[in-house]
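Here is the structure we will look at.
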Amino acid sequence: MESIQAIKGMNDILPDQIHWWQRVENTARSILENFGYREIRTPVLEKTELFSRSIGENTDIVEKEMYTFADRKGEWLTLRPEATASIVRAFIQHNLQADPLARKFYSTGPMFRYERPQKGRYRQFHQLDAEVFGVEDPMLDAELMYMLRVFLEQLGLSGVVLHINSLGCPACRAPYRSLLQTFLLQNRATFCSDCQRRLHVNPLRVFDCKVERCQKIIENAPMLLDSICEDCRDHFAAVRSYLDRLQTDYEINPRMVRGLDYYTRTTFEIITDRLGAQNAVGGGGRYDGLMRDLGGPDLSGIGFAIGMERLILLLQQQRSEPQRSPLVFLAILGDQAKQEGFLITQQLRSHGIEAEMDYARHSLKSQMRRADKLAAHYVVILGDEEMAAGAAQLRDMQSKQQSSIPLDGLVPLLKEIIRNGDATAAKN
């Protein structure tokens, strides 16, 4: 019988890879909470209307990429393709406006889009998401991007660039849309079939097209940044000023429009040149009208999302291997030693030290080979003879030094050795 395989584009994260994920998640949690964000978790399944109203019915995500189906009662449901709409929905549904602390949120978890799987782009992917509601000050825009910079620096990531733009507000975007559409229609026959459709329903989406001939045409297209109103210009100038004061480097990219219809004013992306065509590690921006459009209070919003698969690929390319805590392996010889070794193993674990022992009756040589395969830093050798003498043998697997260590007070002494990184402390 043929074995069952995972769905194409939906990948297992195996134990030898999970430490990368834990490193990113733990670093994110620490930094976001220092900046005042609180964690929120929303369902992976939502009513389809939530995404068609928020993302935009004429976007590629809604038209082509969502996993949508009718349940047994005929209600249309969708696996979430992004997190912002779900967090806004939760904010409205639970009246979090009444909570003075409920302004900053973060979330991590899987998202789903039906796309052609490729490096860094999968059908089930994971995002780190941060959102802020009710603050219109451009200072917050800069703070959010600064926080993103701090996060990437803490991970040790290099080779990424912050791109920023302003998409204006509805008042200044409407006349620009007409201006852009007039230009695009003059070149209609040259565009790809997708862009020919976008010309009429959503002309800004043409800037997202990766087809080379379309890219060449839009090089001469009028830029939205040249058409934004005075208030939007002042807002964008203030954002840049605060970024400069925070010494956060950026590049203005007037052709960046993002892939979601709800964005207004400040938008930004983290770009890399190391992942081929999928060059955006993450991005976000303002969406000041989204909460009102979804039936909630008229509160501004701003946020970002980072693709965790792409981020981890970059970290792996840089060989930025997470530091693993030293493993202690107990090599046991004899029944009495096995009983004592079992207790020592559990005590080490309860004191935050990763420990393993051999439960079978293998030879010392076999146990040392296993310790080597586990990349153990230290091996505690404990046999019945050591039990009688009241001292075990401690072997440093890196320096190959071996010394005697008393059984009485063994756990606190091992903690000191690991903290100092020096097995010679066992001799003192």
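Numbers below:
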| item | result |
| --- | --- |
| Helix 308-317 vs. the chain, principal-axis angle (Cα, 0 to 90°, nearest 10) | 60 |
| Stretchable slack from residue 171 to residue 384, in nm (0.36 nm times residue separation minus alpha-carbon distance) | 68.4 nm |
| Rh (Kirkwood; distinct C-alpha pairs) - region 328-427, Å | 13.2 |
| Stokes-Einstein D in µm²/s, Kirkwood radius over Cα pairs - the chain at 37 °C with 0.692 mPa s viscosity | 130 |
| Percent RCO, i.e. relative contact order, over the chain, from Cα pairs under 8 Å lying at least 6 residues apart | 14 |
| Value of [θ]222 nm, deg cm²/dmol, for the chain, DSSP H segments ≥ 4, -39500 (n - 2.57) each, nearest 500 | -11000 deg cm²/dmol |
| Neighbour-count order for 408, 234, fewest beta carbons within 10 angstrom listed first | 408, 234 |
| Loop sites in region 158-231: trypsin sites (Lys or Arg not before Pro), DSSP, at most 12 other Cβ within 10 Å | 210 |
| Radius of gyration and maximum dimension Dmax of region 1-74, Cα, Å | 18.0, 53 |
| Ranked packing of 392-404, 158-170, most packed first, by mean Cβ within 10 Å | 158-170, 392-404 |
| Label-point separation in nm, residue 252 to residue 319, each point 7 Å along Cα→Cβ | 4.1 |
| Cα gyration tensor, region 112-217 - rounded (a/c under 1.5), prolate or oblate | oblate |
| C-alpha long axis of helix 335-350 to longest principal axis of the chain, angle in ° | 30 |
| Relative contact order of region 328-427, pairs being alpha-carbon contacts under 8 Å that are 6 or more residues apart, as % | 26 |
| At most 14 other Cβ within 10 Å, DSSP loop - GluC sites (Glu not before Pro), region 27-85 | 57, 75 |
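No lab work stands behind these numbers, since they all come straight from the coordinates. None of these values were measured; they are calculated from a predicted model. Cβ coordinates were reconstructed from backbone atoms using ideal geometry, including for glycine residues, and neighbour counts include every protein chain displayed.
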